[in-house]
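Peer 1: Here it is: the structure, laid out below.
The values are calculated or read from the model by the stated rules, or taken from the named source; none is laboratory data. A quick note: this is a predicted structure, and the numbers were derived from the prediction, not measured. No Cβ is skipped: glycine too gets one built from the backbone with ideal geometry, and neighbour counts run over all protein chains shown. Each accessible area value is taken on the protein alone, full model and side chains, heavy atoms only, with ligands, DNA and RNA left out. Shrake-Rupley method; radii C 1.70, N 1.55, O 1.52, S 1.80 Å.
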Amino acid sequence: MQITLSDEKYKKIDAEFELVFVLSKKFDTDEVKSYKDTLEMMNFKGEDEEVLLLSEAKKIFVGCEKLDPESIRIASSCVIRKIKATKIKSLKFSILENSSEHLSALVDGFGLGSYSFDKYKSVKKEKFKVEVIIHCDDVSKEMKHTLEESLEICKAVNMVRDIVNTPPDDFYPDIMASFAVDLAKECKIECKIYDEKYLADEGMGSMLAVGRASRHKSKLIHLTYSPKKCKKTVVLVGKGLTYDSGGLSLKPSDFMTTMKSDKSGGSAVLGIMQVVSRLKLPIEVHGIIGAVENMIGGNAFKPDDVLKAKNGTTIEVRNTDAEGRLVLADCLCYAQDNIQDIDYILDFATLTGACVVALGEYTSGVMGHNNKLKHQMFEAASKSGELVGALPFNRYLPKLLKSEIADICNISSSRYGGAITAGLFLDKFIYEENKDKWLHIDIAGPAFVEKPWGYNPHGASGAGVRLTISFLKNLL
Ligand code: BES
Ligand code: ZN
Ligand code: ZN
């Protein structure tokens, strides 16, 4: 698919089909009026997600009940899916409002809605080659810049979707590490890969234990984008469980499928690193990924084991399926020990089923101590189109992680509040001076889509990428 901007006279723009937005279910604009009878005959009401293709008239009508960015994203994704099912080669329309906000929403809808993953299909779909021409009265520098930026972000989200959708036998820690090395080369950023010997030498017994029974060795990936002029230093830490079987606390079969998506946090970090370097944002950004596979076997770590993390904290394992926090604990310590002058430290993880129970499958949970920082994240979310909700810490919940034998237990003693107690477990590994700089983002809900919604087809959604880019851009 190719998206271009044009300020030529609309009538002169050469395209096979024209797209018409039907706003607020009203058929009163000039473009729509003349088709009113036909639309009514076809029972088209102009509701959200409603698309009608009139092949004789060479027009596609799409409903858009409100003119906010998210409705535009959804409408344009419905259109592009409709077109994908045809042999239409080109489409034109006039932008509804000559603004960057509208343009980026349109591009998001087209770019994210048209995604499909057919790598493992023996019969591949034809490459999608449609040309979308967006007519604006004035193609300003700002509009061109917005188009480029939005395309770059969509590309990264779709790359993350490809990674997460890839089956675990084809995407294990070593592959994740070489993917990061290749990405770093392409984006001209730094990449360091640390193996299990390094983890052992550095006392990262918590992360090491999780990967012990896997035939794939764990890797710690550290990507650095360090531009000459930078205003802030941001650290992103991602859970990269290339597969989570649950370990000896084995998941029931129904819950194990989709666990290839447990690498979504780490994958999002890869996507974000690609965007920040391509857009040349004036921010130093570090991406740290704990790439590990949680399996069973004679040498697996066990409930009852006591592990020691990099900061010396001892952890009683009571459930090997609460493994993400064990990996992140050491990654968070690694980040704080090795990166100077951190302004923000954000972690991304498909950490708990409890977060999905609390907020539903569309929304990521945001946790942390700093309310101002949380609000920055909420604002970033509302601009990006990703959904987030706050899950509040309190003074009582940390007590649920008490252990009789070690400093802390890896699961809570209560069945309730599991997303927050997981966040509070991570808090034990955030150093005092960084408490107010840290946010934990649990993406377990939106990371993997089992029933398509919005502009997300089945499979990985790329959650976290657009959210974080929006957060970073707001820092400038
Ligand atoms: N990767 C899972 C969390 C998860 C669940 C992600 C569903 C996406 C969808 C995590 O490692 C896990 O298994 N967590 C346990 C924690 C429990 C043992 C305290 C959970 O949520 O059940
Ligand atoms: Zn688990
Ligand atoms: Zn997990």
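Peer 1: If you take the residues of region 304-320 that are touching a residue at least 24 places away in the same chain (Cβ under 8 Å) and open to solvent by 50 Å² or more (accessible area, probe 1.4 Å), which of them is nearest to ligand 1 (Cβ to nearest atom)?
Peer 2: Among those that are touching a residue at least 24 places away in the same chain (Cβ under 8 Å) and open to solvent by 50 Å² or more (accessible area, probe 1.4 Å), it is 318.
Peer 1: Same structure, new question: What's the total number of residues in region 212-265 that are away from ligand 3 (no atom under 16 Å from the Cβ) and either touching a helix residue (DSSP H, G or I) at 6+ places or on another chain (Cβ under 7 Å) or closer than 21 Å to residue 334 by Cα (or both)?
Peer 2: 14
Peer 1: Quickly run through region 92-103 and pick out the residues that are more than 16 Å from residue 64 (Cβ to Cβ) and either at pLDDT 95 or above or part of a helix (DSSP H, G or I) (or both). Step through it out loud before you land on a result.
Peer 2: So the first thing to find is which residues in region 92-103 are more than 16 Å from residue 64 (Cβ to Cβ), and the list is 92, 98, 100.
Passing the criteria: 92, 100.
Peer 1: Hey, any hits in region 190-209 for a residue that's within 16 Å of ligand 2 (Cβ to nearest atom) and touching a Gly at 6+ places or on another chain (Cβ under 8 Å)?
Peer 2: If we filter region 190-209 for residues that are within 16 Å of ligand 2 (Cβ to nearest atom), which is where we start, we get 206-207, 209.
Filter again for touching a Gly at 6+ places or on another chain (Cβ under 8 Å), leaving 207.
Within region 190-209, one or more residues are within 16 Å of ligand 2 (Cβ to nearest atom) and touching a Gly at 6+ places or on another chain (Cβ under 8 Å).
Peer 1: Look at residue 263 and say whether it is surrounded by fewer than 19 Cβ atoms within 10 Å (Cβ to Cβ), in the same structural domain as residue 376 (by TED's automatic domain parsing) and either free of Cβ contacts under 8 Å to residues at least 60 places away in the same chain or not in a loop (DSSP other than H, G, I, E, B) (or both). Step through it out loud before you land on a result.
Peer 2: Working: surrounded by fewer than 19 Cβ atoms within 10 Å (Cβ to Cβ): no; in the same structural domain as residue 376 (by TED's automatic domain parsing): yes; either free of Cβ contacts under 8 Å to residues at least 60 places away in the same chain or not in a loop (DSSP other than H, G, I, E, B) (or both): yes.
No.
Peer 1: Can you name every residue in region 282-296 that is open to solvent by 10 Å² or more (accessible area, probe 1.4 Å), more than 13 Å from ligand 3 (Cβ to nearest atom) and not β-branched (Val, Ile, Thr)?
Peer 2: Residues of region 282-296 open to solvent by 10 Å² or more (accessible area, probe 1.4 Å): 282, 284, 286, 293, 295-296.
Still in the running and more than 13 Å from ligand 3 (Cβ to nearest atom): 282, 284, 286, 296.
Result: 282, 284, 286.
Peer 1: Go over the candidates 237, 275 one by one and state the one that is crowded, with 24+ Cβ neighbours inside 10 Å, closer than 23 Å to residue 386 by Cβ and within 16 Å of ligand 1 (Cβ to nearest atom).
Peer 2: 237
Peer 1: Another question, if that's okay. Residues to consider are 31, 70, 47; find the one that is at negative phi, assigned by TED's automatic domain parsing to the domain that holds residue 133, part of a loop (DSSP other than H, G, I, E, B) and surrounded by fewer than 20 Cβ atoms within 10 Å (Cβ to Cβ). Even if it seems obvious, please write down each step before you answer.
Peer 2: Numbers: 31 fails: part of a loop (DSSP other than H, G, I, E, B); 70 fails: part of a loop (DSSP other than H, G, I, E, B).
Within the list 31, 70, 47, the selection yields 47.
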